[in-house]
Amino acid sequence: MPLLNKVRTAVPGGPGGDTAPSLSRLRSALTLFFALDGFLFAGWVVRIPAIKQQTGASASDLGLALLGVSAGAVVTMTLTGRLCRRHGSHAVTVVTAVLLSLSIALPALTRSPLALGLVLLVFGAAYGGINVAMNSAAVDLVAALRRPVMPSFHAAFSLGGMLGAGLGGLVAGSVSPTAHLLGLTVVGLLLTAAAGPVLLRQPSPAPPEAVQADRSADGGGPRGKGGARGLVVVFGVIALCTAYGEGALADWGALHLEQDLQAHPGVAAAGYSLFALTMTVGRLSGTALLERLGQTRTLVAGGATAAAGMLLGALAPSVWAALLGFAVTGLGLANIFPVAVARAGALAGPSGVATASTLGYGGMLLGPPSIGFLADWFSLPVALTTVAVLAAGAAVIGYASRNAGAPRRGEERA
């Protein structure tokens with residue numbers, strides 16, 4: 001099994017022990033960047049209803065504009081890996097954080113759907129770049145720490161999203177989108193200036209034994225290279241199915257509450273905040289859940305829970321019932337993405353993690369424009385039920401692949 005998935009703590013005097021303080025600072029700085037990413041993204045999504053009204057966009061117009069985020073991110077994701085190899089994932093993380101902080105102010109300056117789509121290309125490029133760079137840096141740090149701390153980074157993203165959405169809900173009725181998003185730019189630049197030097201001063205840690213383990217994992221396993229790649233794609237599809245729901249709720253949840261259920265703008269913004277809160281709680285308790293249920297049961301239970309929650313959130317006739325559905329959906333989706341990425345890593349090491357993560361983020365970015373088209377053709381509540389369908393699909397795929405990537409004999413205690 002690759003070192004990425006092994007639980008081992010660096011001890012003083014042992015490998016990695018003498019660098020424990022610097023690795024701890026590096027972990028804190030990376031955690032801040034994950035939280036900042038979630039904070040800025042949530043700050044944008046809770047102002048989508050106001051931006052939609054400001055630009056005069058229809059649901060399909062907004063869906064096309066949101067496709068700019070997807071297009072910019074997909075293009076950047078294909079290039080960020082090369083940039084990380086050439087310049088280091090730490091430097092790319094800092095640069096893309098600056099770009100993300102600057103670009104988040106642009107949507108509020110637009111007055112047409114076309115202009116909104118163009119600036120969202122820039123925002124999407126920065127968003128896709130920082131996600132790939134941060135995860136690449138986190139993979140190296142996990143290997144150096146010899147502890148499975150990756151879920152804590154994703155919990156920080158969710159916590160940042162909760163805080164960003166909560167702040168957005170507080171100011172939605174009294175502060176213009178322009179002032180709000182410009183304020184987020186200032187916050188992003190200040191936090192990047194505070195945490196960026198920690199990353200820039202330290203190269204990405206990559207213990208030789210971790211690199212060797214990863215190389216042996218890339219083509220290892222009884223199925224061989226081609227079989228491993230196919231299974232990695234399967235787990236990537238699971239990540240995509242669940243990340244689709246996260247992206248859909250981020251971009252359309254507040255609009256559904258405000259437009260379909262006549263919720264106050266502050267209450268509507270609180271919908272995503274509640275979703276992010278329950279997802280954060282679920283991820284913080286994910287290790288205990290995995291130890292109790294195992295990976296397959298966690299996938300199946302999470303997918304089924306998310307499907308039931310989203311059906312309630314999309315079709316409930318009252319605001320409070322819909323908010324309950326959003327909360328249940330967050331609990332269900334919380335650990336599916338990390339488990340899918342971990343299974344991909346067990347099959348193909350960091351390359352498997354990268355593939356599954358890219359597919360997952362692709363689902364998060366491609367989901368919102370799909371919801372927009374479906375909302376125009378049918379209705380927004382009906383469109384949001386696709387989140388439940390894909391969550392249920394993730395549960396089915398997770399159960400069907402329950403024996404995939406099982407450790408070989410002798411590796412269980414490796």
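We did not get these values from a lab; they are worked out from the coordinates using the rules stated. A quick note: this is a predicted structure, and the numbers were derived from the prediction, not measured. Cβ sites come from the backbone with ideal geometry, for glycine too, and all protein chains shown count toward neighbours.
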Margin query: Compute and list, largest first, the equivalent-ellipsoid semi-axes of the stretch 53-104 from the alpha carbon gyration tensor, each √(5λ) rounded to a whole angstrom.
Written below: 30, 13, 4
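Would you tally the net charge around S285, using a Cβ to Cβ cut-off of less than 12 Å, leaving S285 out, and scoring K and R as +1, D and E as -1? Don't jump to the answer; show the numbers that get you there.
Details: positive: R283, R292; negative: E291.
Charge balance in the 12 Å sphere: +1.
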Note to self: Please list, in order along the stretch 381-392, the HN-Hα scalar couplings obtained from phi with the Karplus expression 6.51 cos²θ - 1.76 cosθ + 1.60 (θ = phi - 60°), rounded to whole Hz, x for Gly and Pro.
What the structure shows: x, 5, 4, 6, 5, 5, 4, 5, 4, 6, 4, 5
Next item on the list: Return the distance in nm (one decimal) between the two label points of a simple spin-label model at S285 and R201, each offset 7 Å from Cα along Cα→Cβ.
Entry: 3.9 nm
Check: Around L67, what is the net charge, scoring Lys/Arg as +1 and Asp/Glu as -1 over all other residues with Cβ under 13 Å from its Cβ?
Finding: -2
Checklist line | Karplus 3J(HN,Hα) series, Hz, for the stretch 102-115 with 6.51 cos²θ - 1.76 cosθ + 1.60 (x for Gly, Pro) | finding: 6, 6, 5, 7, 5, x, 5, 8, 8, 10, 8, x, 5, 4
Margin query: Can you classify the stretch 237-336 as rounded, prolate or oblate using the Cα gyration tensor, where a ≥ b ≥ c are the square roots of its eigenvalues, rounded means a/c under 1.5, and otherwise it's prolate if a/b beats b/c and oblate if not?
Written below: prolate
